[in-house]
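Encoded as structure tokens, the structure appears first; notes follow it.
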Amino acid sequence: QVQFVASGGGSVQPGGSLRLSCAASGIIFRRYTMNWYRQAPGKQREFVATIRSGGGTNYSDSVKGRFTISRTNAKNTVSLQMNSLKPEDTAVYYCYAEGIRDDYWGQGTQVTVSS
């Protein structure tokens, strides 16, 4: 059974930091490109960051320089370190595993940035 458990969301003031994690089970984790997406109220889900099996990363322009994606294959975990948070970062954040033949969405975790 494939499962993704996200954690680390919460409420923070502008300028603060949060670290999201997504733990996978039921897949050969190291073979998957891992991504973070987010969806703000009333908006479409959007790409945030990706990390390939070899460790290469890409970020959306809106988070570049503030967010860092990482993975620990030994623990089947992908993380997103979010610094200098802004109110516009408020959204539900989802991890997304992208494989050659299949892909999976994790459940979301809420991030709220507000003073």
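Brief remarks follow.
- Pair list, Cβ under 6 Å, 6 or more apart: region 49-66 residue modelled with pLDDT of 95 or more, other residue open to solvent by 50 Å² or more (accessible area, probe 1.4 Å) and assigned to a loop (DSSP other than H, G, I, E, B): ARG66/ASN83; ARG66/SER84
- Top-ranked residue of region 1-32 - restricted to ones that are among the β-branched types (Val, Ile, Thr) and open to solvent by 30 Å² or more (accessible area, probe 1.4 Å), ranked as nearest to GLU98 (Cα to Cα): ILE28
- Restricted to strands (runs of 3 or more DSSP E) entirely inside region 34-92, those with at least 2 residues that are touching a helix residue (DSSP H, G or I) at 6+ places or on another chain (Cβ under 9 Å) are 67-72, 77-82.
- Selection count, region 89-115, where residues are surrounded by 16 or more Cβ atoms within 10 Å (Cβ to Cβ) and modelled with pLDDT under 95: 2
- Checked against the criterion of being in contact with a Gly (Cβ under 7 Å, 6 or more places away or on another chain) and buried (at least 18 other Cβ atoms within 10 Å of the Cβ), region 69-88 contains one or more residues that satisfy it.
The values are calculated or read from the model by the stated rules, or taken from the named source; none is laboratory data. Only a predicted model underlies this, so the values are computations on that prediction, with no experimental measurement involved. For neighbour counting, all protein chains shown are included, and Cβ atoms are generated from backbone atoms with ideal geometry for every residue, glycine included. What goes into the accessible areas is simple: the full protein's heavy atoms, side chains included, and nothing from ligands, DNA or RNA. Shrake-Rupley method; radii C 1.70, N 1.55, O 1.52, S 1.80 Å.
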